[in-house]
Amino acid sequence: MKEVVPVLIAMQENKHKDSMHKKEGMKSYFSYADTKSNSISLLLFPKTSFITDSTTADIAEEIREKPCVATIEIIDNDIRINGVRGSLDALKTDLEKQVYCPAEEKLKVMLIYNGGTSYQSYLELKVYLDANDIHCEPLEYFHTVK
């Protein structure tokens with residue numbers, strides 16, 4: 001992700017610049033290799049702010065204290081839900097166990113990852129969240145210090 005994040009930031013800045021080619025309502029998508037169905041798929045890429053900061057541990061702790069908000073960290077290719085190691089297959093169940101969220105509110109997740117996270121792992125997580133109707137906040141924390 002250390003090569004991907006700067007490109008994503010530049011793409012978003014370019015997309016939001018005024019241009020004669022700019023059309024209202026145009027959207028950006030990630031394309032990825034869907035290994036389960038052996039096809040190329042698309043995932044909507046909303047406006048995302050990438051926060052680059054070496055104090056991610058402090059930020060994660062602060063986020064975890066809020067109701068209906070969880071952190072999902074991808075450190076290299078290891079997944080942690082609110083600091084507890086987990087797996088992508090059990091992510092929804094683990095989130096429901098670990099995060100209290102009243103029925104009238106919707107669970108939100110904050111993504112945290114480092115430069116060693118693969119683009120494929122990042123996209124697999126984004127696709128999983130989208131497929132399971134889990135809202136991902138538009139702030140993503142990217143850190144280069146472990």
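The values are calculated or read from the model by the stated rules, or taken from the named source; none is laboratory data. For clarity, every value in this text was computed on a predicted model and none was experimentally measured. For neighbour counting, all protein chains shown are included, and Cβ atoms are generated from backbone atoms with ideal geometry for every residue, glycine included.
Quick notes on this structure:
- Checking LEU42 against (1) in a strand (DSSP E or B); (2) surrounded by fewer than 17 Cβ atoms within 10 Å (Cβ to Cβ); (3) modelled with pLDDT of 85 or more, the condition it does not meet: (3)
- Breaking point among (1) in a helix (DSSP H, G or I); (2) touching a Cys at 6+ places or on another chain (Cβ under 7 Å); (3) exposed (fewer than 13 other Cβ atoms within 10 Å of the Cβ), for LEU129: (3)
- Within region 85-118, the set of residues being hydroxyl-bearing (Ser, Thr, Tyr), surrounded by 15 or more Cβ atoms within 10 Å (Cβ to Cβ) and part of a loop (DSSP other than H, G, I, E, B) comprises just one member, THR117.
- Among residues of region 106-134 that are farther than 19 Å from ASP78 by Cβ, those with a Cβ under 8 angstrom from a residue that is small (Gly, Ala, Ser), sequence gap 6+ or separate chain, pair up as LEU107/ALA70; LYS108/ALA70.
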